[in-house]
Amino acid sequence: MKSRQISDIIKGKANELGLQDCAILPVEYLAEDKAHLDEWLGQQMNGEMHYMARNREKRVNPELLVENAKSIVVVLQNYYPAHTQEDSSAPVLSKYAYGTDYHFVLKDKLKLLLQFINDEIASCSGRPFVDSAPVLERAWARKAGLGWIGKNSNLISLEHGSFFFIGELILDIELPYDHPKLVTDHCGRCTKCIDACPTKAIVADRVVDARKCISYQTIEVKGEMDDTLKGQFENRVFGCDICQDVCPWNLKSEPHNEQAFEPHPKLLQLNNEDWNTMERPLFNELFRNSAVKRAGFKGLKRNLKFLRDG
């Protein structure tokens, strides 16, 4: 097969799997991104996310993750919902957590893509990565020309906005590579995300102090949350979409068609009282396979109390 055919076949399969975008790149050492990571960690903006400081070299060198790594396939998965919570006074759940945990959904798709490449293109070894291993996903997606890094530090796509997950396949075979141009920064003078963040977590252009971030506080913090931030969460109970909701580029967002991301029928109907009186059986029913399991029932109750006390 010709190189173009191979590339088209792989991207066609990615599309068939419901992935929003796909690009193929040669692996390389991410020296520039390492410098940014080191500076961010040096200011301790990772807070309790100690795993960010571990395996630092692996984050910037794919060859330490997959032996003899040569290629990286970068994909996007839309998660923008068709419908959101009905009660405007209810605690707000981040849109990404409505359905089945994306780690499972996207990793399963990447495993199918890996098997397809093995069966149809060439025998190879590789690993799928979805936000749970030391890979600088946004850096690779930016290199792949899938978007630019916005002022809120999220990857923003000209076509899709930013409500998507990023996943990767790192393979030990050479593939026909894309030669993308870096997408120009289209944030311009807009500061809507910076202005809208209630805790002022976006401390500089494209620099988020995780310790002030609502997502970090409601998901990553294992003990007590920062009392100085009480009253500033704008009713966010797990995760936060504020900086994405106000982004003009997300006017382009279209609802996903991934069945696994559909919420439990009861979830969007919960009112304020339902959330605050929730017991473990209902929690288990609603969030059986959800990313909310990361906080757990006790964590969710802690978050709800923090909102009430604020």
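Quick notes on this structure:
- Checked against (1) among the hydroxyl-bearing types (Ser, Thr, Tyr); (2) farther than 30 Å from residue 62 by Cβ; (3) loosely packed, with under 13 Cβ neighbours inside 10 Å, residue 184 passes all but condition (2).
- Options 57, 48, 86; residue that is modelled with pLDDT of 95 or more, more than 18 Å from the chain's Cα centre (by Cα) and not assigned by TED's automatic domain parsing to the domain that holds residue 296: 86
- Test: residue 15 is modelled with pLDDT of 95 or more, part of a helix (DSSP H, G or I) and either in contact with a helix residue (DSSP H, G or I) (Cβ under 7 Å, 6 or more places away or on another chain) or in the same structural domain as residue 103 (by TED's automatic domain parsing) (or both): yes
- Selection from the range 144-175 of residues that are over 13 Å from the mean Cα position of the chain (by Cα), buried (at least 21 other Cβ atoms within 10 Å of the Cβ), under 12 Å from residue 27 (Cα atoms) and not β-branched (Val, Ile, Thr): 144, 169, 171, 175
- Helices (runs of 4 or more DSSP H) wholly inside the range 271-310 that include at least 1 residues being over 22 Å from residue 220 (Cβ atoms) and outside the structural domain of residue 238 (by TED's automatic domain parsing): none
- Residues of the range 81-107 satisfying the condition of being surrounded by 15 or more Cβ atoms within 10 Å (Cβ to Cβ) and assigned to a helix (DSSP H, G or I): 95, 96, 97, 102, 103, 105, 106, 107
A quick yes/no check of all residues on (1) in contact with a Gly (Cβ under 7 Å, 6 or more places away or on another chain); (2) assigned to a loop (DSSP other than H, G, I, E, B); (3) at positive phi:
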| position | (1), (2), (3) |
| --- | --- |
| 110 | yes, no, no |
| 156 | yes, no, no |
| 168 | no, no, no |
| 175 | no, yes, no |
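The values are calculated or read from the model by the stated rules, or taken from the named source; none is laboratory data. All values derive from a computational prediction rather than experimental measurement. Glycine gets a Cβ as well: all are built from the backbone with ideal geometry, and neighbour counts include every protein chain shown.
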